[in-house]
Amino acid sequence: MKNIVLFDTSVGSLNQGDNIIMKSIRENMKDILDRNFVITMPTHTPCFYPFQEKNENKRFSFTVNSDYKFICGTNMINYNMKEKWPNWNTYVWNCKEYANSILLGVGSTGIGADGEVSVHTKKALEKILSREYIHSTRDEKTKMTLEKLGYKALNTGCPTTW
């Protein structure tokens, strides 16, 4: 049995679409999720606070050391992920729990046609995204942006259409 973390966009979200995304992901990954131990963590709100990383927090340790981590749905990648109201509440200094994550139907916002992102976003993604697996994007622009940054990606569309 593997340990899996689903970073869930519906937790703390006012967007009903995030619930539809998560329902679709759970249905389409049923074979994998049903055979393993899965916990859900939020993306729109912080997963952990700094004091929880310092102590022997079992949830933090489980999340950091999970076999697979999937970041689910919605337009999570922003040109500057250091913005005031991000879709994804993570920054360079608080992304340890996301390390080696795999994107599932994730899109982007605020990124121009050239696929450029800020230095801050680039550094955050380096700490977060797996270089071993292929990331699933919801659009071609996000796919091209990830590839430009050196990641493997496939445009699978939005999970709501799966």
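The values are calculated or read from the model by the stated rules, or taken from the named source; none is laboratory data. As the structure is a computational prediction, the values presented were derived from the model and not from experiment. In this analysis, Cβ positions are derived from the backbone assuming ideal geometry, glycine residues included, and neighbour counts consider all displayed protein chains. With ligands, DNA and RNA removed, areas are computed over all heavy atoms of the protein, side chains included. Shrake-Rupley method; radii C 1.70, N 1.55, O 1.52, S 1.80 Å.
Sparsely packed loop sites in the stretch 62-158 (the GluC sites (Glu not before Pro) outside DSSP H, G, I, E and B with at most 10 other Cβ atoms within 10 Å) comprise GLU132. Look at the dipole of the chain built from charges on Cβ: of MET76, SER118, ASN100, the Cα furthest out on the positive end belongs to ASN100. For the stretch 89-156, the list of trypsin sites (Lys or Arg not before Pro) that fall in a loop by DSSP and count at most 15 other C-beta atoms within 10 angstrom reads ARG131, LYS152. Paramagnetic label reach from ASN155 (point 7 Å along Cα→Cβ; backbone nitrogen cut-off under 11 Å): within the stretch 93-107, no residues. Provide, for q = 0.14, 0.19, 0.20 Å⁻¹, the log10 of I(q)/I(0) from a solvent-free Debye sum over equal Cα point scatterers in the stretch 68-151. Computed log10 I(q)/I(0) values: -0.38, -0.75, -0.84. Along each principal axis, taking the top coordinate minus the bottom one, the Cα set of the chain gives 42, 34, 33 Å in descending order. Protein heavy-atom accessible surface, 1.4 Å probe, per residue over the stretch 81-161: 49 Å². Cross-link list LYS82/LYS127; LYS30/LYS143; LYS30/LYS127; LYS2/LYS123; LYS30/LYS82: which exceed 23 angstrom alpha carbon to alpha carbon? From LYS82/LYS127; LYS30/LYS143; LYS30/LYS127; LYS2/LYS123; LYS30/LYS82, over 23 Å: LYS30/LYS143; LYS30/LYS127; LYS2/LYS123; LYS30/LYS82. Run the accessible area of the chain with a 1.4 Å probe and give the carbon-and-sulfur part as a rounded percent. Heavy-atom surface of the chain belonging to carbon and sulfur, 1.4 Å probe: 52 percent.
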